[in-house]
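The values are calculated or read from the model by the stated rules, or taken from the named source; none is laboratory data. Everything quoted here is computed from the prediction, not taken from an experiment. Glycine also receives a Cβ, built like all others from the backbone with ideal geometry; neighbour counts cover every protein chain displayed.
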Amino acid sequence: MKKIIFVLFIFTALFFVGYFIGNDSAVPGIMPIALEGDIAASLDIVNDESTITDGSTIADGSTITDESTITDGSTITNGHTIDYEITDTADPTPILFEFIDAHADTITRAMETGQSLFRNSLHLDFERLMDFNAPVQIFAIWCSDRYLGSAFEYANMVIDFFERELAENSDIVELALSLEDLERNAANNKISAILALEGGEPLEGKIENVDHFYNRGVRLIGFTWNRENELGLGVGTGSDKGLKPFGIECVKRMNELGIIIDVSHLNEAGFWDVHHLSNKPYIASHSNVFSITPNRRNLKDDQIEAIVEKGGVIGMNLFPDYLSTTKSARITEIMPHIRYLISLGAEGNIVLGCDLDGVPTLPYEFTDVTSLKTMSKRIADEFDEYIASAIMSENFYDFFVRFWGTAD
Ligand SMILES: [Zn+2]
């Protein structure tokens, strides 16, 4: 309610200011301005095309009380006036997430190495995520071979660890179970953590375990890792067999519950079974383009077109082997993948799936999660700001709206 009152207040203030100063040249339309800091409640307002230039004034007496930042980088100081002109009022972005990433292996890696999620020596931690505005990170639980006999128990142990870490850092990070959670966390400028399984081994072939992990907060399940399990066969098996009966059952139950299906690592026959059976969009959380870099973990053209047709997303993986065949990839080697996806009509389906803490090496210049700022700039330089922000977060946000926003 406070948010609504605040936004209305700003609307009203802008309207009267524009009216009284009688500046005909500016203000083609009044729209609220997105602010961070103490007034983060109205995160949604200036869109990418908006500019703040000479024009109108926000008078003293508005609720801007501290130094606040307009999303394009301009700064307002308490008691000062700002001038603005809205040059494009179309389709404001509803909520600003600085990035949304589909895949990181940080939880298991931190637990295995006895480190915390707040601060560690790995590719990402909560402290570094705080460099970003309201980031969303999908954290996957991966089961190494030695836990295969007790995968259910192991995954629960990892979730226990994750819950303890979330509780200790509840001032900066929250688990997100729904679209509403993502939006609330963004309004509070908190990190959103989404829990995932990479490989369905922890389900141990029991459909009730899908519900069990749903109730523990899991909202995305990759059916297989590279190997075979009760659901189907991974790309590492070289098999052309499709999903197993339990995998087919899982598609149905996950559709019903609202758990996102992840097809990265699944073999092609299993992929097509998911495509034909799922009544919801699905994702390839960390896979690139096979036509650019022929690797079994990358997606062929018809798979990409199928994901697009279904409204899913494809997370760009930073592992050098999947980016290029040169073995010394730079950040810029993601560009041909993006360009190719755009040529296939997937502009609205490209997201991040960096695979941090899941890969032994990263591209030159990419050291850890904070390097996403550099990558975003490089994508904007290569394409434009619109494509950069679509890939960094907007495409994924739109997917969550398609996937969860329409759920009953
Ligand atoms: Zn993986």
- Item | Residue check for residue 370: closer than 20 Å to residue 105 by Cα and either part of a helix (DSSP H, G or I) or in the same structural domain as residue 179 (by TED's automatic domain parsing) (or both) | yes
- Is it true that residue 358 is surrounded by 24 or more Cβ atoms within 10 Å (Cβ to Cβ) and under 21 Å from residue 262 (Cα atoms)? no
- Message: Can you tell me which residue is surrounded by the fewest Cβ atoms within 10 Å (Cβ to Cβ) among those in region 221-235 that are part of a strand (DSSP E or B) and of a type in the set (A, V, I, L, M, F, W, C)?
- Response: 221
- Of the residues in region 236-271, those that are away from the ligand (no atom under 16 Å from the Cβ), assigned to a loop (DSSP other than H, G, I, E, B) and either among the charged types (D, E, K, R) or crowded, with 22+ Cβ neighbours inside 10 Å (or both) come to 240, 241, 243, 244, 259
- Message: Checking residue 127 against (1) free of Cβ contacts under 8 Å to residues at least 12 places away in the same chain; (2) touching a helix residue (DSSP H, G or I) at 6+ places or on another chain (Cβ under 9 Å), only one condition comes out false. Which one?
- Response: (2)
- Please go through region 272-303 and pick out each residue that is closer than 16 Å to residue 396 by Cα and more than 15 Å from the ligand (Cβ to nearest atom). 280, 281, 282
- Restricting region 325-355 to residues that are within 16 Å of residue 378 (Cβ to Cβ) and touching a His at 6+ places or on another chain (Cβ under 9 Å), the one surrounded by the fewest Cβ atoms within 10 Å (Cβ to Cβ) turns out to be 350
- Check residue 228 against each of (1) in contact (Cβ under 8 Å) with a residue 24 or more places away in the chain; (2) within 16 Å of the ligand (Cβ to nearest atom); (3) in contact with a strand residue (DSSP E or B) (Cβ under 7 Å, 6 or more places away or on another chain) and name the one condition it does not meet. (1)
- Kindly check whether there is at least one residue in region 320-343 that is assigned to a loop (DSSP other than H, G, I, E, B), out of contact with any helix residue (DSSP H, G or I) (no Cβ under 9 Å at 6 or more places or on another chain) and either within 16 Å of the ligand (Cβ to nearest atom) or not assigned by TED's automatic domain parsing to the domain that holds residue 391 (or both). no
